[in-house]
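The values are calculated or read from the model by the stated rules, or taken from the named source; none is laboratory data. Computed from a predicted structure; not experimentally measured. Ideal geometry is used to build each Cβ from the backbone, glycine not excepted, and the neighbour counts take in all protein chains shown.
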Amino acid sequence: MGEPQESASRPIFVVSDGTGDTAAAVAQATMAQFHVDWTLRRFGGIRHEALARRVVSEAERVGALIVFTLVDRRIARALIEEGNRRGVPTLDVLGGMISRVAEHLRAEPRAERSNRERSRGAGTQPDHHARLDVPGGFRAGARLEGIRVVHHASSSMASGSSMRSTGRPRAARAR
């Protein structure tokens with residue numbers, strides 16, 4: 001796995017098929033427990049296995065931890081398997097809880113994005129999320145360099161910004 005530079009902040013990638021708000025909130029709450037510099041980078045609207053693998057490749061390059069909320073289990077499985085293959089740590093933010101609740105309720109989950117994300121038009125509205133802009137459209141196997149993360153923000157904590165453990169926003173470095 002790619003090792004982050006000693007002086008660099010620790011990168012956390014949030015991967016979601018929606019906006020990534022849930023995983024970002026969990027990551028921010030967790031990182032508040034540590035006195036380290038860290039950056040948060042969102043990859044929203046991930047709805048293809050090949051795209052998930054490309055994000056893992058980028059995480060390997062920069063030494064990032066991936067936290068994710070992916071409803072489609074095939075995409076989640078592809079992300080986990082690619083993370084294992086490349087030595088990139090991954091964490092399914094909701095998977096364990098959904099499984100336990102399904103067992104408790106003796107019911108199957110809907111396998112849909114949350115009502116909140118659907119009502120906000122996750123992946124389509126310029127509202128506190130990042131989307132992947134793929135020049136020429138999505139092509140399986142294309143390199144991540146052909147993609148740029150487009151950040152939209154309507155709050156003080158923009159999708160592409162980072163936070164220190166003090167909770168103060170800090171602009172992410174340009175890539």
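Summed over the range 53-84, residues that are in contact (Cβ under 8 Å) with a residue 12 or more places away in the chain, farther than 17 Å from L94 by Cα and assigned to a helix (DSSP H, G or I) total 12. Exactly one residue among A122, A107 is touching a helix residue (DSSP H, G or I) at 6+ places or on another chain (Cβ under 9 Å) and either at pLDDT 95 or above or within 26 Å of M31 (Cα to Cα) (or both), and that residue is A122.
When residues of the range 25-52 are filtered for being crowded, with 24+ Cβ neighbours inside 10 Å and either free of Cβ contacts under 8 Å to residues at least 40 places away in the same chain or of a type in the set (D, E, K, R) (or both), how many remain? Total satisfying the criteria: 3.
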